[in-house]
Structures are given as structure tokens and as C-alpha cells.
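Input: one structure, supplied below.
The values are calculated or read from the model by the stated rules, or taken from the named source; none is laboratory data. Treat the numbers as computed from the prediction; the structure is a model and nothing was measured. Every residue, glycine as well, gets a Cβ built from its backbone with ideal geometry; the counts of neighbours run over all protein chains shown. Side chains are part of the model used for accessible areas, which takes the heavy atoms of the whole protein and leaves out ligands, DNA and RNA. Shrake-Rupley method; radii C 1.70, N 1.55, O 1.52, S 1.80 Å.
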Amino acid sequence: MPEFDSTTTQLILWAALGYLMGSVPFGMIVARVMGLGNLRNIGSGNIGATNVLRTGNKGAAALTLLFDAAKGAVAVLLARALAGEDAAQIAALTAFLGHCFPVWLGFKGGKGVATFLGLWLALDWRVGVACCLTWLAAAAIWRISSVGALAAAALSTTWVMLLTNGSTFVLGIILTLLVYWRHSANVARIKAGTEPKIGKS
């Protein structure tokens, strides 16, 4: 846990700002701007990069991945610069929640993987890089995006303990549990052998 030096008002403010930044549905915006249609009617109906890829437009998927990661990173970096490490961790958590439960979409958002990776890159670049490499390795081996996400989340706290002073450990546990909760349907499909491969519907 970080030392809580910010005031309660500051923490509430950064919690709200983190949520609002995280709740911007970049996948739907990119798909709409690039004429790909409504993501809710495509593939899994998810608003993230993996579902954007199912449109066949790799550029749109890459932009969605970048923007969704950036919103988590920006929330953390702004909170850290203007308040402190405690506010940065609060903003990280609420940015993730904002992506998963955006007010603009009736609280029905994405699964938060890109935002998860982006906020870790901002919280501690070493942990972020380790999580990204974990995702890439697992996704490359199994060709399943959700396997990469679950592996990255599962190992994130291990990377925290190995690479940092451990001040983000509690946040890491919370984020890992949230990632697994958001992927509960994916876990069931993985067990059943019916989870689609990357790029497939």
C-alpha cells in the first residue's frame, strides 16, 4: 500500500477523474469513425481491441489497443504529477472500472485488458513491460487473447514483488481479481475448448 498523503477530497477527485477517463469507449469511437459499424453487433459485442480485430481492420484494432492503454496510463500519470502516489493508485483502479463499467454505455463496457496494461506501464514501467511480454507470450502460444490476459493478470503481482518495493501489491491483487471476474465467461469457454482464436468470431 502507498502512504496516503493526499486529502480525502483529492482522492475523491482523482477517483472521479480516473473513472471518467477510463470510461471513454475508444473501441466504439474508432469503429464508428472508420465506418466499421456498431461493435455491439459484431463478434462478442465487446468494445475492446480484440473485438475490433474481428471486423478485419487491424489498424482500427491497433488504435483501440493504444487508446485504451493510454487512457489508463494518462489517468495514473496525471494523478501522480498533480497529487501523489496514493492518488495515482486510486486513479488506476477507477480508470479500470471506468472501462469495464462506463456510465455512457449503461455500465456495460469492456474487459479492461489494454487499460490494465497501460496503467501498469504508468505505475511501474518494469511491471508493465513484464505484463505485456507475458500477454504476448501466452497469446502467441495458445492463439487466444483471453489466455494472454489471464496470464498477464495472474503474474502481475509476481512481477510487482520481484521488480518493485511492493507498494502496489494490494492494487495488483484487486486488479487481478477484477480481470478474472470480467473473464469468467472466457474461462468457462477455455475449459470447454470453445474459446475463439485471435481474429476469429
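Over segment 18-86, average the accessible area per residue using a 1.4 Å probe and give it in Å², no decimals.
Result: 45 Å² of accessible area for each residue.
Would you mind putting 86-97, 3-14 in packing order, based on average other-beta-carbon counts within 10 Å, highest first?
86-97, 3-14
For the chain, take the longest principal axis of its alpha carbons; what is the angle in degrees between that and the long axis of helix 85-100, to the nearest 10 within 0 to 90?
20 degrees
Still on this structure, please answer the following. With the Cα gyration tensor of segment 50-162 giving a ≥ b ≥ c as the square roots of its eigenvalues, does the rule (a/c under 1.5 for rounded; else a/b larger than b/c for prolate; else oblate) give rounded, prolate or oblate?
oblate
While we're here: Considering the dipole of the chain built from charges on the beta carbon (Lys and Arg +1, Asp and Glu -1) around the Cα centre, which of 115, 167, 44 is farthest to its positive end?
Final value for the positive-end residue is 44.
Using modelled backbone amide H atoms (1.01 Å from N, in-plane), which distant-in-sequence or interchain residues come within less than 5 Å of residue 195's amide H?
Here 190 satisfy the definition.
Under the classification rounded if a/c is under 1.5, otherwise prolate if a/b is larger than b/c and oblate if not, where does segment 123-187 fall, given a ≥ b ≥ c as square roots of the Cα gyration tensor eigenvalues?
Oblate.
What is the sum of charges, Lys and Arg at +1 and Asp and Glu at -1, for the other residues whose Cβ falls under 15 Å from the Cβ of residue 161?
0
So, one more: Which shape class applies to the chain: rounded if a/c is under 1.5, otherwise prolate when a/b exceeds b/c and oblate if not, where a ≥ b ≥ c are the square roots of the Cα gyration tensor eigenvalues?
Oblate, because a/c is 1.5 or more while a/b does not exceed b/c.
Using a 1.4 Å probe on the protein heavy atoms, what percent of the accessible area of the chain belongs to carbon and sulfur?
69 percent
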